[in-house]
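The values are calculated or read from the model by the stated rules, or taken from the named source; none is laboratory data. These numbers come from a predicted model, not from an experiment. Glycine also receives a Cβ, built like all others from the backbone with ideal geometry; neighbour counts cover every protein chain displayed.
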Amino acid sequence: MSHFTYTGLMHRVMDIYAEHGSAAAYHFICEHLEEGQANPAQMYNLRYSLLAACGRKDEALALLKEAVLQHGYWYNADDLSEDEDLAVLHEEPDFQQVLQLCRQREAEALAESSGRLNILLPEAGGAPETYRTLLVLHGELENNEAVEPTWHAALNQSYKLALLQSSQIQFSGAYDWSDPEQNIQELEQALLELGRVDGRIQEEDSSTQLESLEPQTELSEPQDREAVQVAQQASDTTKPIMAGFSSGARAALQAAATYPAAIGGLILVSPWLPEPSEWQDALVHWQQYGVKLYLICGEHDEDCLAGTEELANELQRKGIDHQLHLMPGLGHNYPVHFEQLLSSALSWMNES
């Protein structure tokens, strides 16, 4: 069995669906089911949708009921009722029962959901503050468990790995970064928590919270403000590196634009950058604070290639330290040799 990242498996299924149809995609996902268990709810979603799309109505409904009634998963009811692949199920009484239950569970999940920060240390042990931090943001409809294996190699580079999971839940185990304001709030809290873990922010400072993290929103000379000091009291070579995939890369870029003094660098993989205005005004601050950017994107990534190249061109024009790696033949996915690229990126980040 071939090895896939969680993201790679999802995109491979969609490629097969587009090229060979729902039956072939269903057969493929069943063959590789164990490789996608970071979110079993999404595996069910793929399977019952593909079964319904190829006319296997009873099997599709049975899988949907198994996911919701037996395992307690939930899906966005509007998405289920509007999904054309599930059209053969829409009039079934059991399907309507599932919709009602999903609406109830979604309301409960939205009321309870919060951001989650997981911190992993290298096997060698030692105090957290002895390691520089790589703060990773997952992609759309992913979670911490899905992306941790992909970024785990950072632990071999004398980095600790901090995984930030969004509070913005779309269905069981699937999160995104669709609200920029909420993204910044959760990243603020993550930076404060990392400061406490590293001993740079004391517990008695926790009352400052958001008030101490006033964003830098105007173009001006760098200010030695208490807000920035609380956000990241560290030297340039120990500031956290922020990283992300797709929409997570966009959220990381938004955070670096808001708090340029708190970030040592950015590693952006297939970054989804639909709005240049989100980062253009930050270029001068990245230049002043020495923020470095490492960009990776597939040459066949139709959604992200143009935005990545536009960012790289502006970085070049401003003289901001960066590297751009365009991957031949790659779509919206991690490169197969991502571990080596990550190692190179982290080593480069540590260079003065």
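Close contacts from the stretch 105-122, counting a first residue that is over 25 Å from Val197 (Cβ atoms) and a second that is part of a helix (DSSP H, G or I) and of a type in the set (Gly, Ala, Ser), with Cβ to Cβ under 9 Å and a gap of 6+ residues or different chains, come to Glu106/Ala77. Cβ-Cβ contacts under 8 Å between residues 6 or more apart (or on different chains), taken from a first residue in the stretch 334-348 that is farther than 14 Å from Val147 by Cα to a second residue that is basic (Lys, Arg) and surrounded by 14 or more Cβ atoms within 10 Å (Cβ to Cβ), are listed as Trp348/Lys292. Put simply, of Glu106, Glu59 the only residue that is at negative phi, under 26 Å from the mean Cα position of the chain (by Cα) and not in a strand (DSSP E or B) is Glu106. Would the stretch 297-304 turn up any residue that is touching a Lys or Arg at 6+ places or on another chain (Cβ under 9 Å) and in contact (Cβ under 8 Å) with a residue 24 or more places away in the chain? Checking the stretch 297-304: not a single residue is touching a Lys or Arg at 6+ places or on another chain (Cβ under 9 Å) and in contact (Cβ under 8 Å) with a residue 24 or more places away in the chain.
What are the residues in the stretch 106-123 that are among the aliphatic types (A, V, I, L, M) and touching a helix residue (DSSP H, G or I) at 6+ places or on another chain (Cβ under 9 Å), if any?
Residues of the stretch 106-123 that are among the aliphatic types (A, V, I, L, M), as a first pass: 107, 109-111, 117, 119-121.
Passing the criteria: Leu117, Ile119, Leu120, Leu121.
Quick grid of which residues meet (1) touching a helix residue (DSSP H, G or I) at 6+ places or on another chain (Cβ under 9 Å); (2) loosely packed, with under 15 Cβ neighbours inside 10 Å:
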residue: Ile16; (1), (2): yes, no
residue: His32; (1), (2): yes, no
residue: Tyr44; (1), (2): yes, no
residue: Ala62; (1), (2): yes, yes
residue: Leu69; (1), (2): yes, yes
residue: Trp74; (1), (2): yes, no
residue: Pro93; (1), (2): no, yes
residue: Gln104; (1), (2): no, yes
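Any idea which residue in the stretch 305-321 is surrounded by the most Cβ atoms within 10 Å (Cβ to Cβ), counting only those that are more than 18 Å from the chain's Cα centre (by Cα) and either in contact (Cβ under 8 Å) with a residue 24 or more places away in the chain or not assigned by TED's automatic domain parsing to the domain that holds His138 (or both)? Only one residue fits best here, namely Leu311. Determine whether the stretch 158-179 contains at least one residue that is assigned to a helix (DSSP H, G or I), surrounded by fewer than 21 Cβ atoms within 10 Å (Cβ to Cβ) and touching a residue at least 60 places away in the same chain (Cβ under 8 Å). There is no residue in the stretch 158-179 that is assigned to a helix (DSSP H, G or I), surrounded by fewer than 21 Cβ atoms within 10 Å (Cβ to Cβ) and touching a residue at least 60 places away in the same chain (Cβ under 8 Å). Annotation note: of Ala306, Ala312, Ala262, Ala345, the sole residue that is modelled with pLDDT under 95 and of a type in the set (Gly, Ala, Ser) is Ala262.
No other residue among Leu324, Leu293 is surrounded by fewer than 18 Cβ atoms within 10 Å (Cβ to Cβ) and under 12 Å from Leu268 (Cα atoms) apart from Leu324.
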